[in-house]
1. Which one is farthest from residue 20 (Cα to Cα), of the residues in region 52-72 that are in contact (Cβ under 8 Å) with a residue 60 or more places away in the chain and either buried (at least 17 other Cβ atoms within 10 Å of the Cβ) or touching a helix residue (DSSP H, G or I) at 6+ places or on another chain (Cβ under 6 Å) (or both)?
2. Restricting attention to region 23-43, and to residues there that are assigned to a helix (DSSP H, G or I) and at pLDDT 95 or above, which single residue is surrounded by the most Cβ atoms within 10 Å (Cβ to Cβ)?
3. Which of the residues belonging to region 84-100 are part of a helix (DSSP H, G or I) and loosely packed, with under 11 Cβ neighbours inside 10 Å?
4. Quick one: which residue in 46, 9 is touching a strand residue (DSSP E or B) at 6+ places or on another chain (Cβ under 6 Å) and either surrounded by 15 or more Cβ atoms within 10 Å (Cβ to Cβ) or under 16 Å from residue 122 (Cβ atoms) (or both)?
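The values are calculated or read from the model by the stated rules, or taken from the named source; none is laboratory data. Given the structure is predicted, the values throughout are model-derived calculations rather than measurements. For neighbour counting, all protein chains shown are included, and Cβ atoms are generated from backbone atoms with ideal geometry for every residue, glycine included.
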């Protein structure tokens, strides 16, 4: 198949039963759902497990750490700007505001990079699956059954 088949049910137990059946039949399932509601024996077939094992995971984690570091620097710089505004040091304020703008651009660039990596990871994971299984949530079900 070029694309995985999407299979949805109304309960976590039913999804788990389907995934177990797919595994037994030699089909590659991808179990999507809240981790606390999934049988522990099926963890290796979950989206979370696949994301953890993806080759880009280490690179994404590094980019996330870098983003957090820059956000911390931005917060500290913002506090210094507030203090400088109170003391009236105008010449220093312009440089600080420029540095703050640069940090904000770096954060936006890292967020875009992280988003692109996450999308690539999801694409790789779903492309490797034969079947994607998950819950059909009540609001969606209601919309489907109401005329």
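1. Among them, the one singled out is 60.
2. 23
3. Result: 86, 87, 90, 91, 94, 95, 98.
4. Sole residue among the options that is touching a strand residue (DSSP E or B) at 6+ places or on another chain (Cβ under 6 Å) and either surrounded by 15 or more Cβ atoms within 10 Å (Cβ to Cβ) or under 16 Å from residue 122 (Cβ atoms) (or both): 46.
Yes/no per residue for (1) part of a helix (DSSP H, G or I); (2) modelled with pLDDT under 95; (3) surrounded by 15 or more Cβ atoms within 10 Å (Cβ to Cβ):
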position: 105; (1), (2), (3): yes, no, no
position: 119; (1), (2), (3): yes, no, no
position: 127; (1), (2), (3): yes, yes, no
position: 133; (1), (2), (3): no, yes, yes
position: 140; (1), (2), (3): yes, yes, no
